[in-house]
Number of protein chains: 2
Amino acid sequence: MNPAVMTPAGVDETISLIRECSAALDVERVPLAQAWGRVLREPVLAAEDQPPFDRSSVDGYAVRLDDSSRRFRMVDRIRAGDWKPRVLRAGEAVQIATGGALPADGLQVVMKEGVHVEGNEVVVIERDPERNIRFRGEDARAGSTLVAAGRRLSPGAAALLASAGAVEPAVTRLPRVLHVATGNEIVPPERTPSRGQIRDSNSTLVRAFFGQRGINALQIRAAEEKEAIQSAIRNPRPAPDLLLVSGGASVGEHDFTRGLLEECGYTIRISRTTTRPGKPLIFATRGSALAFGLPGNPLAHFVCLNLYVRAALEGFSGDSQPTTFAEGELAETFEAGANARETLWPARMTIAAGAVKLIPLPWRSSGDLTALATANALVRIPPDAGSTAAGAKLAFLPSGF
Amino acid sequence: MNPAVMTPAGVDETISLIRECSAALDVERVPLAQAWGRVLREPVLAAEDQPPFDRSSVDGYAVRLDDSSRRFRMVDRIRAGDWKPRVLRAGEAVQIATGGALPADGLQVVMKEGVHVEGNEVVVIERDPERNIRFRGEDARAGSTLVAAGRRLSPGAAALLASAGAVEPAVTRLPRVLHVATGNEIVPPERTPSRGQIRDSNSTLVRAFFGQRGINALQIRAAEEKEAIQSAIRNPRPAPDLLLVSGGASVGEHDFTRGLLEECGYTIRISRTTTRPGKPLIFATRGSALAFGLPGNPLAHFVCLNLYVRAALEGFSGDSQPTTFAEGELAETFEAGANARETLWPARMTIAAGAVKLIPLPWRSSGDLTALATANALVRIPPDAGSTAAGAKLAFLPSGF
C-alpha cells in the first residue's frame, strides 16, 4: 500500500490509487442462470471436444465421399439426438437431419435441396463441393480454454459455459454496499420540501448505478448527526465492502465526513482532487474495505460514481479488462470557459461515419441535473481550455446509457 | 398491418416489419427505485423552479452586492436546509453553507477561502467577481419538461425524476416472455449428453439476453412433441407478449415450428430471411402478441436475438430512440469467403484514436459458440464480399458487452 496521498490528486492518480486498494473479492459458485455479468475466476475448459462428434450442418443425405453414384438406396434415417453408427457401402445413403451424428468417417452430406427422392431411392441432382459436416473438435478441443479467468461473462460467454456443462462457475461475489445520504437540507423524493430544503436525488442515482451492475445497495438517509450515522455505518454485519457517504451541503460537510470515517476506523487516502466537479472527494480504506465521501451535489455524484466508484467496483470484481479512457472528437466547437482545473463534463457520445463524436452537455452549476438525463459519457476538458474547436480529440469515458 | 411477407426478407425489411408489428405495451406506474431502464411514457415536468430558491454554491459569507466594505459584522448563520429570510444592511454578512438558501435578493457570496474571521468580524481579503449563487429556476423553470415521454430512464434521468418528486413515474410494463427450447438432441447443461446429444446452451443465452433488460423470461425445455409444446405455449395466463421457440435441429424443425405457431393461432409474417446465420427465421403475430421461431444453432440464436428480438423489445418498450446500425471501420483485412448471402458476423468493437474499429471474430460454423464469448457487436458483410481491406467502412450494431 502507498502512503496516504493527502495532497490534492488528479484523475489518473486517484484512479490508480483506488485500483491498487481494491483487491478482487472472494470467489463463489453460482448457478449458471445467475452468472452473466459476473467475472469468471477460474478458467472454464472444454471437457470434451466441441462438437463432441461429427455433426451434419444441413438436412440431407450422408453418402461415402468416394462414392460418385447418382442413385442411392436409403438404408437408415438419423435425427438429431440419435446415435446410429454404421458402415456405409457404395450406393447407400442415410437420411440425416441438421445436427445429427454422422454414422461413420469418410462421408459427405448431400443437401436435401440437391436430391430427388422416390420412395427409398435418392437421386442426386446437384452435389455441392462442401462436406456439410461440423467435425468433432472443430470449435474447441478437449482441455482447451473456452473462457479465461478474469473475464466478465457476457450472455454469449454464459452460453459457452452451458455448452461445456460448467453449470456452477466460480465467479467473484458481489460487493456489500452501504450508502448513507446525509444532509439536513434533503428530504425523501416523496416529500414536499419546506423552504430551504430540496429532494434527495442522489439516493436514486446511486441505487440505479449499482442496480445496473446487479448490486442491491443498502441505503440509509440520515440527519447530520454523527452518532446516528456512525451507528448506521457500524450496524451492518458483515461490514460493507464499500461505504459511500453522500455529503449534505451544510457547513463543514467535508470535515464532518472525514472525521466520521476516521472514527469508524478508516484511513483517509485522498481528501481532495484537482478536478471539478468532485474536488472535495474523500477516499479511505479500512483493511480491504473502501469508503468514499462524495460531495453532495448531483453532478459531482454522477462524475465521482462513474470515475472513481466504478474503478473500485472493477477492482473488487477481478475484471481483467477494466474500463479505460478512450479518444473521441468534439462534434462542435465548445466554450469550456476559463477554469484552472481539469473538468469532467457529462457528454453525449454518438457514432457517425466511423468516428466517435462527443457533445459536452450544458450545465450551469454542479447542482444541475438536467444534463445528466441524456449523458452517456464523461469528457475530459483540460485546464484553461477556453474555446475548443470542433474535431479536437478529447479523452472520454463511457458512462452507460 | 402489412400483408404477410412470405418471400425471404432481408435484414432491414425484417426489422421494419417487426417494428411495425410491435406496438408499445401498457403503461404502469412503478416506484422510482425500480424505474431505471424502463421507458417513460408521460413527460415529467418541473413542478416548481429548480433550484426552488437562490442557493449558495459555496461555503462563504453573503453580503450585499452593492456593499464594497472590507469589514463585515456577522449577523446570522444559514446552514443548508435553513430558511431565514432577512434584509441585509451595509456592513452586515451572513455565514452561509453550500446549498443554503440566500436570505434576500441582491446578494453575493464571498468564499470562505477569501476571508479572515475574527470573532463576529469578517474581513474580506479577496472578493472574486462571481456571485456564487445558483439562482432559482436556473436549471429548470416550473412547468418545463425535465424528461420527455419515450425516453429510456438512465440513472441520471431517474435522479432528475427524484429531484422533481416524480416518485411513481408512468413507464411501459415489461413484456411477458415465454421461451420454449425444443429438440430431441439437447439435454440440460447439468446433464452429461449421450452420444449424439449436446447440451442446451440457447436457454442460457436467452435468459441472459432478457436478464440484461430486466426481463425474467419463463423458460421451458420440451421434447419435440407437438402436443406437449402446444400445451406449454397455451398454458401461461395471461398469454405471453413474446414467444420464442428455439428449434432443435431434427428433421423438419422449420416446418414443425411453423405448424405449431399456426395451430396456436399465430399468423406467419416471415418464414425465411436472405441473411446468414438465421436464414430459417420465423416471425409471426397473433393480435399484438409476437412469436419468433429461432433456428436451433447458437450463432443463429445470438444474431437473431440481437437483430430481431431486440427490435421487438424496443417496439414493445415505446423507446423513441431504438438502436440503429452505425458505421465502423475494419481493423484488419478480412476474408469473408464467397457467400451469396449477406452475413452478420459477431465482432469485437473497440475505439482507437477516435475511430470505431471492428474485428469480425472467427467462426467456423453456425454452431460455433467460441466467437460469442467476446463479441460485442454484429457486423454486416455484404454478399460476395470476398476479401475486404482494413479501413473499409462497414455497418454494425452493438450487441452489449
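Rule-based calculations on the coordinates, nothing more; no lab input. Fair warning: this is a prediction, and the values are worked out from it, not measured in the lab. Ideal geometry is used to build each Cβ from the backbone, glycine not excepted, and the neighbour counts take in all protein chains shown.
Report D for region B:19-127 in µm² per second (integer): Stokes-Einstein, Kirkwood Rh on Cα pairs, 25 °C, 0.890 mPa s.
146 µm²/s
With just the Cα atoms of region B:88-199, tell me how far they stretch along each of the three principal axes, in Å, largest first.
92, 35, 22
Share of Cα-Cα pairs in region A:326-398 beyond 15 Å, in percent?
Working: 1304 of 2628 pairs.
For region A:326-398, the share of Cα pairs beyond 15 Å comes to 50 percent.
Of the beta bridges DSSP finds with both residues in the protein assembly as shown, what % are antiparallel, to the nearest 5?
Here the antiparallel bridges make up roughly 70 percent for the protein assembly as shown.
Which whole-number percent is the relative contact order of chain A (Cα, under 8 Å, 6+ apart)? Can you show the working numbers first?
On the way: 888 pairs, mean separation 69.2, N = 401.
RCO, chain A: 17 percent.
Hey, what D do you get for chain A in µm²/s if you plug the Kirkwood alpha-carbon radius into Stokes-Einstein at 20 °C and 1.002 mPa s?
85 µm²/s
Relative to a virtual label point 7 Å from the Cα of B:Glu113 in the Cα→beta-carbon direction, which members of region B:55-78 show backbone nitrogen distances below 11 Å?
B:59
Looking only at A:Val87, A:Val147, A:Val44, which one moves most when chain A is put into a Gaussian network model with springs between Cα atoms under 10 Å?
Largest GNM mean-square fluctuation: A:Val87.
Which whole number gives the average count of other chain Cβ atoms within 10 Å of the Cβ atoms across peptide A:371-380?
Mean number of neighbouring Cβ atoms from other chains: 4.
Fewest to most neighbouring Cβ within 10 Å: what's the order for A:Thr285, A:Thr192? Could the numbers behind the result be given before it?
Details: A:Thr285 20, A:Thr192 10.
Ordered from fewest to most neighbouring Cβ atoms within 10 Å, A:Thr285, A:Thr192 come out as A:Thr192, A:Thr285.
Of the beta bridges DSSP finds with both residues in region A:207-351, what % are antiparallel, to the nearest 5?
55 percent
Taking 0.36 nm per residue of separation and subtracting the Cα-Cα distance, what length does fully extending A:Ala338 through A:Asp105 add?
Working: separation 233, 0.36 × 233 = 83.88 nm, distance 7.47 nm.
That works out to 76.4 nm of additional length.
What does the convex hull of the Cα atoms come to per residue for region B:270-390, in Å³?
Dividing the Cα hull volume of region B:270-390 by its residues yields 111 Å³.
In nm, what is the difference between 0.36 nm times the number of residues separating A:Ala353 and A:Glu168 and their Cα-Cα distance?
Difference between extended and current length: 62.3 nm.
In whole Å, how far is the Cα centre of region B:158-234 from that of region B:1-80?
Taking the Cα centre of each part, region B:158-234 and region B:1-80 sit 31 Å apart.
Counting only other chains, and only Cβ atoms inside 10 Å, what mean value do you get across the residues of B:203-216?
Average per residue, whole number: 5.
Expressed as a whole percent, how much of the Cα-Cα distance distribution for region B:180-223 exceeds 15 Å?
Cα-Cα pairs of region B:180-223 separated by over 15 Å account for 44 percent.
Tell me, what HN-Hα J-couplings in whole Hz come from the Karplus equation 6.51 cos²θ - 1.76 cosθ + 1.60 at θ = phi - 60° for each residue of region A:347-353, using x for Gly and Pro?
8, 10, 9, 9, 10, 9, 6
Restricting everything to alpha-carbon atoms, can you work out Rg to Rh for the protein assembly as shown with a Kirkwood hydrodynamic radius?
In the protein assembly as shown, Rg relative to Rh is 1.05.
Holding the Cα-Cα limit at 29 Å, pick out from A:Lys84/B:Lys226; A:Lys357/B:Lys279; A:Lys226/B:Lys112; A:Lys112/B:Lys393; A:Lys279/B:Lys357 the pairs that are longer than that. Working shown, then result.
Values: A:Lys84/B:Lys226 25 Å; A:Lys357/B:Lys279 35 Å; A:Lys226/B:Lys112 24 Å; A:Lys112/B:Lys393 37 Å; A:Lys279/B:Lys357 35 Å.
In this structure, A:Lys357/B:Lys279; A:Lys112/B:Lys393; A:Lys279/B:Lys357 exceed 29 Å between Cα atoms.
Label 7 Å along Cα→Cβ of A:Glu20; region A:254-282 residues with amide nitrogen under 16 Å?
Hits in region A:254-282 for A:Glu20 at 16 Å: A:267-272.
With a 10 Å cut-off between alpha carbons and a GNM built on chain A, which of A:Pro277, A:Pro322, A:Pro238 moves the most?
Of A:Pro277, A:Pro322, A:Pro238, the most mobile in the Gaussian network model is A:Pro238.
Over all residues in B:30-36, what is the mean tally of Cβ atoms on other chains that come within 10 Å of each residue's Cβ?
4
For chain B, what does the helix formula give at 222 nm: sum of -39500 (n - 2.57) over DSSP H segments with n ≥ 4, over the residue count, nearest 500 deg cm²/dmol?
Dividing the helical sum by the residues of chain B leaves -4500 deg cm²/dmol.
Which order results if B:Arg71, A:Arg127 are arranged by neighbouring Cβ count within 10 Å, fewest first?
Lowest count first: B:Arg71, A:Arg127.
Mind sorting B:Phe316, B:Phe256 by how few other Cβ atoms lie within 10 Å of their own Cβ, fewest first? Spell out each step's value before the answer.
On the way: B:Phe316 23, B:Phe256 19.
Fewest-to-most Cβ neighbours within 10 Å comes out as B:Phe256, B:Phe316.
Using DSSP, restrict attention to beta bridges with both residues in chain B and report what percent are antiparallel, rounded to the nearest 5.
For chain B, the DSSP antiparallel bridge percentage is about 70.
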